[in-house]
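Worksheet: the structure to be examined is printed underneath.
Taken together, the values in this text are just the output of simple stated rules run on the coordinates, not laboratory data. None of these values were measured; they are calculated from a predicted model. No Cβ is skipped: glycine too gets one built from the backbone with ideal geometry, and neighbour counts run over all protein chains shown.
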């Protein structure tokens, strides 16, 4: 019988780390804190996850998939992938502004090379679904180049400072810039911006974080094994 990639200890590490990262902060949570919470040694933790970034990378893999499915459900069961894309940016930016722990997680994910690569690959994989009708002549390399720029715009939108404009202004600018990269006509992307602005995206951002903590806390070993195997396959 083949050795399982996920076991109960790794599953418990992921569940515990997710809750701690989003309630106590990714930056403040140490490997020792996670180990003390579970009741394992730091050597046991590093056997599965050599660094905290390795643990974060698996959480972000899970979160990217979870978040996108939720956004499609909230936009008429995926009837508008472009609206789901816009809503996801709005919800993440609102979370970063309203919840310091969510901000810490998202900003950390966009600044660590390993997790940024996961975000880029996730967004790149769904870009043809979202923008393919305007980029029918694009080769894969064009999508790759576009995602490098888009991830930078997303980070700039999440990384608000005292000098940043209001959230709705940042969102309109970010969404418009991204849509233009993918050659979406102005009348189309402005319609999406207006629809998102009319939604309670701040509440949606809060709900996504709460629901993700609950989801990660109930995820099974089999589900994690599938996610882990899929990630290994995509990295080859």
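Here residue 98 and residue 139 are evaluated by their C-beta separation; at R0 = 45 Å the FRET efficiency comes out at 0.70. Based on C-alpha pairs under 8 angstrom that are at least 6 apart in sequence, segment 8-221 has a relative contact order of 29 percent.
Taking every C-alpha pair closer than 8 Å and separated by at least 6 residues, the mean separation divided by the residue count of segment 5-120 gives a relative contact order of 30 percent.
How do 142, 26, 215 rank when sorted from fewest to most other Cβ atoms within 10 Å of their own Cβ?
Working: 142 13, 26 24, 215 16.
The fewest-first ordering by Cβ neighbours comes to 142, 215, 26.
Taking a point 7 Å from the Cα of residue 211 along the Cα-to-Cβ direction, the residues of segment 51-92 with backbone N closer than 15 Å to it are 63-79, 84-85, 87-92. Here 124, 10, 139, 183 are placed in order of increasing Cβ neighbour count within 10 Å, fewest first, which gives 139, 183, 124, 10. Take the Cβ atoms of residue 161 and residue 202, set R0 to 25 Å, and the FRET efficiency comes out at 0.85. Taking Cα atoms only, the orientation of helix 8-23 departs from the longest principal axis of the chain by about 50 degrees. Quarter the surface of the alpha carbon convex hull of the chain and you get the mean projected area, 13.6 square nanometres. For the listed peptides 96-105, 156-165, a ranking on the average number of other beta carbons within 10 Å per residue, highest first, reads 96-105, 156-165.
Residues 114, 179 in ascending order of nearby Cβ atoms (within 10 Å, fewest first): 114, 179. Rounded to the nearest 500, the 222 nm mean residue ellipticity of the chain from helices alone is -25500 deg cm²/dmol, with -39,500 (n - 2.57) taken per DSSP H run of at least 4 residues. The overall shape of segment 161-200 is oblate: from the C-alpha gyration tensor, with semi-axes ordered a ≥ b ≥ c, the ratio a/c is 1.5 or greater and a/b is no larger than b/c.
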